[in-house]
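Encoded as C-alpha cells, the structure appears first; notes follow it.
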Amino acid sequence: MQDPVKDLSLKSRLTLYELLKQFKDTGGFTAKKLATALDILKEMKKEKATVFLSFPACIVATGTRGVLKEMVKEKIVDVIVTTCGTLDHDLARIWRDYYQGDFVVDDADLYRKGISRVGNVFIPRENYGIILEEKLLPFFEKIFSGKKPLATYELVWVIGKEIEKYEKAEESIIYWCYKRNIPVFIPGITDGAVGSILWTVYQKLRYPLIDIFKDEDKLSEIVFNSKKTGAIVVGGGISKHHLIWWNQFIGGLDYAIYITTAVEWDGSLSGARASEAVSWGKIKSTASFVTIEGDATIILPLLIGAFLDLAKTNKL
C-alpha cells in the first residue's frame, strides 16, 4: 500500500494550480495523469530543456488557439512542429470570424449554404480559403519574386512580420512565433489552403518556393545542440512523428507529455502511447513521460493555466 486516496476540496477562489496539485492525491484516473504532466512540465523548464510542441490544426479553429498563443508568447515552448492547417486557421481568424455550431447537423445543408464544419465549429467559405487567397496571394508573389526559396520556419516568420499591421495580430500564434523568434516547422506544407496558394504562385514563377531540407538543417541543429529535450505532443499525425523522429538521433526525449483521444489497438501513431516510443528510442527509457487520454481543448487549458499560475507566483 502507498498513499491513501484523498477527496478533492473545491474551496472558493481555487486556482488552476491548486486544483491540479490536488489531482496528484486523488487516485482519480486521468486527473492524476494531468497532475503528473504538470510536474513533468515544471521539470522540463527547471532543467532548461529545449521544449518542443506539436499539435494538429483542428484545435486552432477553436478557442484553444488562445492557449497555444500564450504558450508561445510566454516562451513555455521553444520549437513548434505542426501542419499547414495551423497557418490556415490562425491567419483566417485574424481577418474573419469562425462560429459556434454543432456536431449534429445536416452537412449537405451546410454545404449548400457555403459553410464548412470542423467538429462543432462552423466556417463560412468566404472566411477561410477565399480570404486567405485574397490576402496571401499578392503577398506571396511579392516575397518570392526574388526567386529565393524559404524554409517553412522562415516563411512563418515572414508572414508574422507582415500581419503585424492588422488589428488582431496579437491574437495570432504565427505573430508571436515571429516576435519571440520561435521556429515553426511544417513538414506537410502543401496540405492546406496556404499550401495551395503557394502552389498557385509556383505555377507562375516556376521555381521551388520552399526548401524543406533547410527546415531539416535547422531542426537537426536545434536537436543536436540541446542539453536535454522535452515535448508536449497534442494529437498525432505528421507533426507528432516529425518531432519524435528527430529526437531519436540523440537517444530520445528526456521528457514527454502526450495528449490524445486516439486508441492504440489499431497501431496508429496518433494512438501510440509514450511508452511505445521508448521501443524506438524516440523517448529515453529513463525519461519522465505520461500519456493523458482526453480532449486537448479541455486538458491543455488546465495544464497551461496551472503552469502560468505557478509562474506568476514564482513557485517554479
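Coordinate-derived values only; no laboratory data. The structure presented is a predicted model; accordingly, all values stated were derived computationally and were not measured. With ideal geometry, Cβ positions are generated from the backbone for all residues, glycine too; neighbour counts draw on all protein chains shown.
In table form, for the structure just shown:
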{"read-out": "Sites Lys165 and Arg125 - FRET efficiency at Förster radius 25 Å, r taken between beta-carbons, to 0.05", "value": "0.50"}
{"read-out": "Stretchable slack from Thr26 to Lys148, in nm (0.36 nm times residue separation minus alpha-carbon distance)", "value": "38.3 nm"}
{"read-out": "For the chain, built as a Gaussian network whose Cα springs stay under 10 Å, the top-fluctuating residue of Pro138, Pro124, Pro183", "value": "Pro138"}
{"read-out": "Most to least packed among 210-216, 64-70, 236-242 [average Cβ atoms within 10 Å]", "value": "236-242, 64-70, 210-216"}
{"read-out": "Sorted peptide list for 261-274, 38-51, 244-257, criterion being average Cβ within 10 angstrom, highest first", "value": "244-257, 38-51, 261-274"}
{"read-out": "Cα→Cβ-extended label distance, 7 Å offset, between Asp107 and Gln2, nm", "value": "4.3"}
{"read-out": "Gyration tensor verdict on the range 2-84 (Cα atoms; rounded if a/c is under 1.5, prolate if a/b is larger than b/c, oblate otherwise)", "value": "prolate"}
{"read-out": "Cross-link pairs Lys148/Lys284; Lys21/Lys48; Lys218/Lys312; Lys32/Lys312 - those with Cα-Cα distance over 28 Å", "value": "Lys148/Lys284; Lys218/Lys312"}
{"read-out": "Under 18 Å from Lys135, Cα to Cα: lysines that are on another chain or at least 8 residues apart", "value": "Lys161, Lys165, Lys168, Lys204"}
{"read-out": "Degrees separating the helix 129-143 axis from the principal Cα axis of the chain, which is the longest one", "value": "70"}
{"read-out": "Kirkwood Rh, Cα atoms: Rg over Rh of the chain", "value": "0.98"}
{"read-out": "Folded to 0 to 90 degrees: helix 296-312 orientation relative to the chain principal axis, Cα", "value": "70"}
{"read-out": "Sequence ranges 108-116, 80-88, ranked by mean other-Cβ count within 10 angstrom, highest first", "value": "80-88, 108-116"}
{"read-out": "On Cα atoms only, tilt of 30-46 relative to the major axis of the chain in degrees", "value": "70"}
{"read-out": "Computed E for Lys46/Val158 - FRET, C-beta separation, R0 45 angstrom, nearest 0.05", "value": "0.85"}
